[in-house]
1. Can you tell me which of Thr187, Thr235, Thr219, Thr164 is within 19 Å of Ile401 (Cα to Cα) and surrounded by fewer than 19 Cβ atoms within 10 Å (Cβ to Cβ)?
2. Just to be sure I understand the filter: pairs with C-beta atoms under 7 Å, separated by 6 or more residues or on different chains, first member in segment 334-350 and within 18 Å of Asp319 (Cα to Cα), second member β-branched (Val, Ile, Thr) and assigned to a loop (DSSP other than H, G, I, E, B). Which pairs pass?
3. In contact with a Pro (Cβ under 8 Å, 6 or more places away or on another chain), outside any loop (DSSP other than H, G, I, E, B), modelled with pLDDT of 95 or more and of a type outside the set (Ser, Thr, Tyr): is that true of Leu278 in this structure?
4. Looking for whichever is aromatic (Phe, Trp, Tyr), modelled with pLDDT of 95 or more and surrounded by 15 or more Cβ atoms within 10 Å (Cβ to Cβ) here; the options are Tyr403, Tyr369, Tyr354. Which one fits?
5. Restricting attention to segment 49-80, which residues are polar (S, T, N, Q) and either surrounded by fewer than 17 Cβ atoms within 10 Å (Cβ to Cβ) or assigned to a strand (DSSP E or B) (or both)?
6. Check off (1) surrounded by fewer than 17 Cβ atoms within 10 Å (Cβ to Cβ); (2) of a type outside the set (A, V, I, L, M, F, W, C); (3) more than 15 Å from the chain's Cα centre (by Cα) for Asp346 and give me the number that stays unchecked.
7. Is it the case that Val200 is in contact (Cβ under 8 Å) with a residue 12 or more places away in the chain and within 20 Å of Thr273 (Cα to Cα)?
8. May I ask you to list the residues in segment 222-232 that are surrounded by fewer than 16 Cβ atoms within 10 Å (Cβ to Cβ) and part of a loop (DSSP other than H, G, I, E, B)?
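The values are calculated or read from the model by the stated rules, or taken from the named source; none is laboratory data. Computed from a predicted structure; not experimentally measured. Virtual Cβ from ideal backbone geometry, glycine too; neighbours counted across all protein chains shown.
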Amino acid sequence: MIRTPHSNRLHIALFGRRNSGKSSLINALTGQDTALVSPLPGTTTDPVLKAMEVYPLGACLFIDTPGFDDEGALGTQRVERTLQMVEKTDIALLLCDAALPHQPAPAEEPYKAWKERLEQQGIPVVPVLNKADLYSPAETAALAAHIERVCGERPVLVSALKRTGMEEIRQAILAKLPADFGEQTITGELAKEGDLVLLVMPQDIQAPKGRLILPQVQTLRELLDKKCLVMSCTTDKLGDTLQALAAPPRLIITDSQVFKTVYEQKPPQSRLTSFSVLFAGYKGDIHYFAASAAAIDRLTPQSRVLIAEACTHAPLTEDIGREKLPRLLRQRIGEQLQIDTVAGNDFPHDLSPYQLIIHCGACMFNRKYVLSRVAQARTQQVPMTNYGVAIAYLNGILERIVY
């Protein structure tokens, strides 16, 4: 489970002021010296990520963030990094420092504001009072009561130094976890036990020798867990593979780049989809992506399109996001079509210059992060689709594939 990709882990982020004990708490929760600890405020200058297997939560990713009260030019940049982590957060631990009751009233506002900010994005929040070992029982009770008045919820009392309250935090996270968290599957209802599923996986420069790309690996593993009968082939061997089978496959999953080729050869009774389309539903909002694909027909040579990649890599020959998809779009719309590309965590705050966003399958992002981008696009009324959905639409077969 230590090798579980970050994108499949429960993302637990810690937010709070500088020197509120976020890094110490991360170390206590993980049982390791994951984050640098110092009495000096502002020690954490960039988010620190630590993957752990935590019973009974399963595979988790803890995120230590810079203090949201950081100051100066660099401090502003650090706070911006903290804000970026909000978009990836499944559960938030909000550390309220013990000095809060002794501060003027405005000192309470950041906690209220951050709790509201997190909850407005659908993120469950667990208030935490750290350093509880420094106070008497009466003082601790008074602090907890005050934090409850400020945050609207009683905090979990912990001591990162003495590593007390760790089980209480785990139980609080478990209680806040959405009932359906982790129930999303890649293939959903499209495949069940005993189904024959054919995977068409071209092995080109995008899939280095000796390896499969992550969506292929994860889909294959899920199908095996479902007790499906799985057959794999490359595109050039599709015809031979179909002839070798005693019966047509119930489902064919292909690389989106060869959608048209596979569609033209598939048996009429076999349903067709792609890895990218499956991940559009697994990580994002497939119905919004499918509806947004119609925006392709409204593009003009003067339009502007944003292509968003989850992973950062040096562009390769025939890269789908950098070359193949832009070529398909320009063949249809015109060579003047402006196409911008962003990668990794880079994603514009202002999407208004764009008439369409096309996102990759996002196998490297967790679902929460992809949905935050979808929400941003919806709010700004910019259509957003996905590589596989867009390619199916451009090939005229979107209505004939399944998702």
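1. Values: Thr187 fails: surrounded by fewer than 19 Cβ atoms within 10 Å (Cβ to Cβ); Thr219 fails: surrounded by fewer than 19 Cβ atoms within 10 Å (Cβ to Cβ); Thr164 fails: within 19 Å of Ile401 (Cα to Cα).
The conditions single out Thr235.
2. Every condition considered, the pairs that remain are Ala343/Thr312; Gly344/Thr312.
3. When the stated conditions are applied, Leu278 passes them.
4. After ruling out the rest, the residue left standing is Tyr354.
5. Applying the first criterion (polar (S, T, N, Q)) to segment 49-80 yields 65, 76-77.
Scanning segment 49-80 gives Thr76, Gln77.
6. (3)
7. Yes: the conditions hold for Val200.
8. Listed by number, the list holds a single entry, Lys227.
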